[in-house]
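Following: one structure in structure tokens, then a few remarks.
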Amino acid sequence: MGRRGGIAGGARSAVRVALIMLVGALVAACATVESSGSPGVATGSGSPDASSPAAATPSAMPPDPSPSPRATPSARPSDPPPDLSARPLVWLAPLPLLPTGPGREFTGSPDFMRLFAPGADWGAADGVRVLKLYGEWVAYAATDAELAAVVRSQREAGRAIAVEMGPLDPDGCGNGVEGFAGLDEARRIAARIAAAGGRIDLVAMDEPWFYGHVYAGPGACRWPLDRIARGVAAFEAVMRETFPRVVVGDTEALPRDVDPAGLLAWLDAYRVETGRPLPFVHLDLDFGRVGWPAMVADLDRRAGARDVDLGLILFGDPSDPDDEAWFATLAQRLIAIGDTAPDHLLFQSWQDRPDRVLPADDTSTWTGVVGRYLADPAGLAELLPPPNLAAGAAARASSSLAGARPGLAVDGDPATTWSSGTGPPAWIEIDLGRGRTVGLVRLRIAQFPEGRTVHRLLGRGPGTGGRWVTLAVLRGRTGDAEVLEWRPDTARTGLRWLRVETTESPSWVAWREIEVLGPER
């Protein structure tokens, strides 16, 4: 892929509203604009910022109805239908090659189309039951030959094809807003898949509730729920003109400042308006939410009471320094669910990672990691890095801005930040409790604007004779959410205290997270 680094704090920063890249005359011919957010149009960096969502989300959970028997319908009218009975139902949605533009300075996995070559070996990832494509790719970027290859290979594998797309038509608002790709683009996507000899089995709508009701930024509609439901029903009717048995479900963002009760109210409003439940809803979750695994388990139960399958999208952080670290973050989130996995699990990226989808025997690729999970979920623990020795450690600093205490740099959450409240020189110091063996120090930057920085990493402890010694000097041009690393040739022993001194920076001195890892296992 292309340039590394995060977008204004990355996925955990809860900032994810990007403008659409118009794709020449093709888009000009459409009546609506495709947005380029995550996950629907495959750009951006995670859960979005609602700006001021409180007025649009109720504070109390709606009452749960009595559940009726649940089933995921088969979408295909011809034999053999895809088997969608597995629980959890595993989806895969890699990022294909797409044009770069504002908010997406990277291109996707260069080997994406190798997944669909004759004889492509997915390994244990062959157990994926649903392949999800991005609507932008299907509508504008894919060639006819590429779509035909996807259709042929997935039919041979007995795997369902899903497409994620924005269902709503702009109407005096919504132009350039995610979720408002509109009916003309839906017709184009359906026509292209049909022309390739294929069928869309499932549609995962791109956040109509969040962007149609909660979102309060530029172009916001803030429509009532019944209007959104009517817009969705119109979209469903258009899709069924070409694929009468398509299953249309939803994908919705849950930033940390949005009450999940609002999502349940949307499920209820859709059922009242259409007379039927949404088949599924997938969570694009802000993993910075405190206690998110318990929240997901509660939503799974409440959605089930409404005859709705719940799914969770799994991904790493855009600030992860490499594909191995990105997949380790994903694995940590999947392991955190434990034995309470929701109905659907989606392995998906709209970020500048991972670079590759193959080979299947490499745990830095999509098929390698998903295959590892499908073959032996407990084996994901092997992807995890050594424990973070700095997690929850005592920390102090040269100064701190109110509400930005030093402990926020070692709380395990890159969405929180320690800030000195001053420019350089400034420092932060971490006490590891006793002499430790250190194999890696990872510094996640909080900085605006971009510019040249100089940071000195020092250590002290039994291994240094109790004196401060310079471990590394990190110089270069840096920006917000990027990651700096110090990895010694051999692990340093006997380090108890670590200090990061910043002597040059264009901004206040601040860090999102400081991680100290032991030697590799």
In this structure, does VAL238 turn out to be at pLDDT 95 or above, buried (at least 23 other Cβ atoms within 10 Å of the Cβ) and not acidic (Asp, Glu)?
no
Test: residue in region 346-360 that is more than 30 Å from PRO102 (Cα to Cα), assigned by TED's automatic domain parsing to the domain that holds VAL247 and out of contact with any strand residue (DSSP E or B) (no Cβ under 8 Å at 6 or more places or on another chain)
yes
Would you call GLY403 out of contact with any Leu (no Cβ under 9 Å at 6 or more places or on another chain), on the phi > 0 side of the Ramachandran plot and assigned to a loop (DSSP other than H, G, I, E, B)?
yes
All positions within region 387-406 that are closer than 18 Å to VAL441 by Cβ and buried (at least 16 other Cβ atoms within 10 Å of the Cβ)
ASN388, LEU389, ALA390, ALA393, ALA395, ALA397, PRO406
By residue number, the members of region 261-288 that are surrounded by fewer than 22 Cβ atoms within 10 Å (Cβ to Cβ), over 18 Å from the mean Cα position of the chain (by Cα) and touching a residue at least 60 places away in the same chain (Cβ under 8 Å) are ALA261, ALA265, ASP268, PRO279
Per the filter on region 470-491, residues among the β-branched types (Val, Ile, Thr) and either at positive phi or surrounded by 14 or more Cβ atoms within 10 Å (Cβ to Cβ) (or both) are THR478, VAL483
Residues satisfying the stated conditions in region 159-182, i.e. farther than 11 Å from PHE235 by Cβ, touching a Leu at 6+ places or on another chain (Cβ under 7 Å) and not hydrophobic (A, V, I, L, M, F, W, C)
ARG159, GLY174, GLY176
Taking interchain pairs and intrachain pairs at least six residues apart, which have beta carbon atoms under 8 angstrom, with the first residue in region 152-181 and within 16 Å of VAL203 (Cβ to Cβ) and the second among the basic types (Lys, Arg) and modelled with pLDDT under 95?
ALA160/ARG76
Can you confirm whether region 126-145 contains a residue that is more than 26 Å from LEU334 (Cα to Cα) and part of a strand (DSSP E or B)?
no
Being outside any helix (DSSP H, G or I), surrounded by fewer than 21 Cβ atoms within 10 Å (Cβ to Cβ) and more than 20 Å from the chain's Cα centre (by Cα) narrows ASP298, ASP355, ASP361 down to just ASP361
Residues (of a type in the set (A, V, I, L, M) and either over 15 Å from the mean Cα position of the chain (by Cα) or outside the structural domain of VAL248 (by TED's automatic domain parsing) (or both)) located in region 301-321
ALA303, ALA305, VAL308, LEU310
Kindly establish whether ARG155 is among the basic types (Lys, Arg) and either more than 20 Å from ASP250 (Cα to Cα) or not assigned by TED's automatic domain parsing to the domain that holds ARG240 (or both).
yes
Only one of these is of a type outside the set (Phe, Trp, Tyr), at pLDDT below 95 and within 29 Å of LEU95 (Cβ to Cβ): ALA331, ALA325, ALA297. Name it.
ALA325
Taking region 325-350, which residues are without any contact (Cβ under 8 Å) to a residue 60 or more places away in the chain and either part of a strand (DSSP E or B) or on the phi > 0 side of the Ramachandran plot (or both)?
GLY338
Which pairs have Cβ atoms under 6 Å, sit 6 or more apart or on different chains, and link a residue in region 223-235 that is farther than 16 Å from GLY249 by Cα and assigned by TED's automatic domain parsing to the domain that holds THR274 to one that is surrounded by 16 or more Cβ atoms within 10 Å (Cβ to Cβ) and charged (D, E, K, R)?
ASP226/GLU273
Identify the single condition in (1) touching a Ser or Thr at 6+ places or on another chain (Cβ under 7 Å); (2) farther than 19 Å from PRO385 by Cβ that ARG512 does not satisfy, given that it satisfies every other one.
(2)
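Counting only residues that are more than 18 Å from ILE313 (Cβ to Cβ) and surrounded by 19 or more Cβ atoms within 10 Å (Cβ to Cβ), which one in region 121-135 is farthest from the chain's Cα centre (by Cα)?
GLY123
Within region 96-148, can you find the residues that are of a type in the set (A, V, I, L, M) and over 16 Å from ILE200 (Cβ atoms)?
Matches in region 96-148: LEU97, LEU98, MET113, LEU115, ALA117, ALA120, ALA124, ALA125, VAL128, ALA141, ALA145.
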Against the condition modelled with pLDDT of 95 or more, in the same structural domain as ALA220 (by TED's automatic domain parsing) and buried (at least 21 other Cβ atoms within 10 Å of the Cβ), how does GLY179 come out, does it pass?
yes
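The values are calculated or read from the model by the stated rules, or taken from the named source; none is laboratory data. Just so we're clear, the structure is a prediction, and the values are computed from it rather than from any experiment. Counting neighbours? That spans all protein chains shown, and the Cβs are built from the backbone with ideal geometry, glycine included.
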